[in-house]
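The values are calculated or read from the model by the stated rules, or taken from the named source; none is laboratory data. Just so we're clear, the structure is a prediction, and the values are computed from it rather than from any experiment. We place every Cβ from the backbone using ideal geometry, glycine too, and count neighbours over all the protein chains shown. The accessibility values were calculated without ligands, DNA or RNA, using every heavy atom of the protein model including side chains. Shrake-Rupley method; radii C 1.70, N 1.55, O 1.52, S 1.80 Å.
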Amino acid sequence: MNYEFCSKNTKELEADFELCFVQDKKLSTYKGDKGFFELMNYKGEGTCLDASKKRLFIELKSLAYEDIRLAFANAYKVLSKLNVKSVKTPSVIGDCVVTSFCALVQGFEFAAYEFDQYKGEKKPKKLAKILISPQELNGKKFSISDANLGLKTGQIISNATNFAKNIVNEIPNTYTPLKMAEDALNLAKADKNIKCKVYDERFLEKEKMNAFLAVNRASQHPPRLIHLSYKPKNSKQCVVFVGKGLTYDSGGLSLKPADYMLTMKADKSGAAAAMGIIKAASELELPFEIHSILGATENMIGGNAFKPDDVLISREGVSIEVRNTDAEGRLVLADCLSYAQDLKPDLLIDMATLTGACVVGLGEYTSGIMGVNESLQNDFYEASKTSGEYGCILHFNPYLKELIKSNIADLSNTGSSRYGGALTAGLFLERFIRKEFKDKWLHLDIAGPAYVEKPWGYTSFGASGAGVRLCLAYLMSLARKEK
Ligand code: BES
Ligand code: ZN
Ligand code: ZN
């Protein structure tokens, strides 16, 4: 969609339709329309279409960014059913001008997103032009440059999120670790500031990444370690993202029941998010050196599959007793986190659809934020609040740590209790973080929100791009602090 910040009032702008916002259900704002609202039985909730005057009334619940996103998304949903090509709207501004315009774009772009790659009949997207008038809904004054910066930022973040969604939505018959590597190489090809290196199984062997390799053993598709980097000249910190890239998780020999296997194409969501983040970081010209390390493999069954009872020696030298081959993400991440620490990060963030327990605990809308540095977790949580993603800090404790002890190795890959699975998985990863990086590390379990089976808000069916906006919000807050 094309967003144009204009110099004219809404009245003077030429467009197929006009957006009219209703705040606090106060219809009195539109004085001359009382009779129309009565006729339509419209009380200020949801949307109301006035076809004769080509206006769409939309409820704006508050000026919170999420409500701004929702209002524009709801407008798009109604108008996209018509043959409307252009729409005009007043400016809608909450606390921050840039973030408000960013929210406007996200509302439109996310409502318009659809994965229709495999549909014979594709719905044409007609609404292409959004004209924004400088008239602000509540009479606020603001600078045009902030508005334009918001529109640009919104487009970059929405594109990166939808880019991640496309990767996750792709199907396991074609989307293999090799395909992920190809996507990463293409990302670097399209953006001269991003570099990409792809490492094959021989490299993993040489690097003694035996935990990663074990997960791959029964797969017909070879694994790949993908390393994307973005190094701006004005870099202030080195931030490394590590993403779980299970292009399919059948559970391995600890096979998943049929119902639970469905949607496991989405087990590559952490890697997809790490790709989206580096794409946006480069386009936003963030002043940080950024690396995205993706551990790409399938977890399959076969005669050569790794087994419950195996003991694996990881790249960090920590031995792991395999008690369940379905707890494979932590094995891949253990070796990828080891590789990532060699880059000497100032901040190390891993993202993974790691545990069903996190979904049980926090629900389908919220990611778990874990780590050992409480102030880093708090800062991250604070920054995330306006991002449009939900996060919740889960706290470790020493008793939980007892649950991943093994009788025969340094560590067990599952907790010995039925409870606390998200945290024991987080604590498993913590064992692979060297002392000097403990305070710099964050673990995000995105298993809940990564894949949407019941659409909510402006989030459509399928992948959500979880992690992308969450981490970008933190990086942008960090950039503001560094200024
Ligand atoms: N990929 C799954 C976790 C998952 C579950 C993601 C549901 C998204 C939705 C992960 O590899 C897994 O299977 N974890 C196991 C761990 C257990 C065996 C300790 C789980 O959560 O059941
Ligand atoms: Zn699994
Ligand atoms: Zn998994």
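Exactly one residue among 351, 370 is in contact (Cβ under 8 Å) with a residue 60 or more places away in the chain, crowded, with 24+ Cβ neighbours inside 10 Å, aliphatic (A, V, I, L, M) and more than 16 Å from ligand 3 (Cβ to nearest atom), and that residue is 370. Would you call residue 39 open to solvent by 40 Å² or more (accessible area, probe 1.4 Å) and touching a strand residue (DSSP E or B) at 6+ places or on another chain (Cβ under 9 Å)? For residue 39, the condition - open to solvent by 40 Å² or more (accessible area, probe 1.4 Å) and touching a strand residue (DSSP E or B) at 6+ places or on another chain (Cβ under 9 Å) - is not met. Among the residues making up the range 314-326, those that are surrounded by fewer than 24 Cβ atoms within 10 Å (Cβ to Cβ) and near ligand 2 (Cβ under 10 Å from one of its atoms) are 324, 326.
Number of residues in the range 396-426 that are in contact with a helix residue (DSSP H, G or I) (Cβ under 7 Å, 6 or more places away or on another chain) and within 16 Å of ligand 3 (Cβ to nearest atom) equals 6.
Per-residue answers, yes or no, for (1) assigned to a loop (DSSP other than H, G, I, E, B); (2) at pLDDT 95 or above; (3) within 16 Å of ligand 2 (Cβ to nearest atom):
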| position | (1), (2), (3) |
| --- | --- |
| 357 | no, yes, yes |
| 361 | no, yes, no |
| 364 | yes, yes, no |
| 391 | no, yes, no |
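Filter the range 426-436 down to the residues that are in contact with a strand residue (DSSP E or B) (Cβ under 7 Å, 6 or more places away or on another chain) and open to solvent by less than 10 Å² (accessible area, probe 1.4 Å), then identify the one that is nearest to residue 114 (Cα to Cα). Among residues in the range 426-436 that are in contact with a strand residue (DSSP E or B) (Cβ under 7 Å, 6 or more places away or on another chain) and open to solvent by less than 10 Å² (accessible area, probe 1.4 Å), the one nearest to residue 114 (Cα to Cα) is 426. Can we say residue 298 is outside any helix (DSSP H, G or I), within 16 Å of ligand 1 (Cβ to nearest atom) and touching a strand residue (DSSP E or B) at 6+ places or on another chain (Cβ under 6 Å)? Taking the combined requirement at face value, the residue satisfies it.
Here the range 452-465 is the region considered, the condition is being in contact with a helix residue (DSSP H, G or I) (Cβ under 6 Å, 6 or more places away or on another chain) and crowded, with 24+ Cβ neighbours inside 10 Å, and the residue that is farthest from residue 387 (Cα to Cα) is 463. Considering the range 1-51, and only residues there that are at pLDDT 95 or above and among the polar types (S, T, N, Q), the residue that is farthest from residue 147 (Cα to Cα) turns out to be 41. Does residue 322 qualify as being over 13 Å from residue 249 (Cα atoms) and within 16 Å of ligand 1 (Cβ to nearest atom)? Criteria met by residue 322. Within the range 231-283, the only residue that satisfies the criterion of being in contact with a Ser or Thr (Cβ under 9 Å, 6 or more places away or on another chain), part of a strand (DSSP E or B) and open to solvent by 10 Å² or more (accessible area, probe 1.4 Å) is 248. Looking only at residues of the range 236-249 that are over 13 Å from residue 268 (Cα atoms) and at pLDDT 95 or above, we find that the one that is nearest to ligand 2 (Cβ to nearest atom) is 241. So in the range 226-259, with the set limited to residues that are out of contact with any helix residue (DSSP H, G or I) (no Cβ under 9 Å at 6 or more places or on another chain) and more than 30 Å from residue 301 (Cβ to Cβ), which one is nearest to ligand 1 (Cβ to nearest atom)? Across the range 226-259, the extreme among qualifying residues is 238.
Can residue 42 be described as in contact with a Cys (Cβ under 7 Å, 6 or more places away or on another chain), free of Cβ contacts under 8 Å to residues at least 60 places away in the same chain and part of a loop (DSSP other than H, G, I, E, B)? Answer is yes for this residue. Can you give me the number of residues within the range 429-483 that are part of a helix (DSSP H, G or I) and under 30 Å from residue 259 (Cα atoms)? Going through the range 429-483 one residue at a time, the tally reaches 4. Among the criteria (1) in contact (Cβ under 8 Å) with a residue 60 or more places away in the chain; (2) closer than 12 Å to residue 89 by Cα; (3) loosely packed, with under 10 Cβ neighbours inside 10 Å, the one residue 11 does not fulfil is (1).
Comparison of 202, 224 shows that the only residue that is modelled with pLDDT of 95 or more, basic (Lys, Arg) and either open to solvent by less than 30 Å² (accessible area, probe 1.4 Å) or under 27 Å from residue 324 (Cβ atoms) (or both) is 224.
Of the numbered criteria (1) over 16 Å from residue 326 (Cα atoms); (2) buried (at least 24 other Cβ atoms within 10 Å of the Cβ), the one residue 296 fails is (1).
Among what's in the range 177-199 and is open to solvent by 90 Å² or more (accessible area, probe 1.4 Å) and outside any helix (DSSP H, G or I), pick the residue that is farthest from residue 225 (Cα to Cα). Restricting to residues being open to solvent by 90 Å² or more (accessible area, probe 1.4 Å) and outside any helix (DSSP H, G or I), the top hit is 192.
Within the option set 92, 78, being within 28 Å of residue 34 (Cβ to Cβ), without any contact (Cβ under 8 Å) to a residue 60 or more places away in the chain, touching a strand residue (DSSP E or B) at 6+ places or on another chain (Cβ under 8 Å) and β-branched (Val, Ile, Thr) holds for one residue only, 78.
Taken as a whole, the structure places residue 343 among residues that are open to solvent by 10 Å² or more (accessible area, probe 1.4 Å), more than 12 Å from ligand 1 (Cβ to nearest atom), hydrophobic (A, V, I, L, M, F, W, C) and not in a strand (DSSP E or B).
Table: residues versus (1) modelled with pLDDT under 95; (2) open to solvent by 10 Å² or more (accessible area, probe 1.4 Å).
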{"position": "67", "(1), (2)": "no, yes"}
{"position": "97", "(1), (2)": "no, yes"}
{"position": "113", "(1), (2)": "no, yes"}
{"position": "123", "(1), (2)": "yes, yes"}
{"position": "129", "(1), (2)": "no, yes"}
{"position": "132", "(1), (2)": "no, no"}
{"position": "136", "(1), (2)": "no, yes"}
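Only one of the listed residues (275, 264) is away from ligand 1 (no atom under 16 Å from the Cβ), over 18 Å from residue 203 (Cβ atoms) and under 19 Å from the mean Cα position of the chain (by Cα). That residue is 275.
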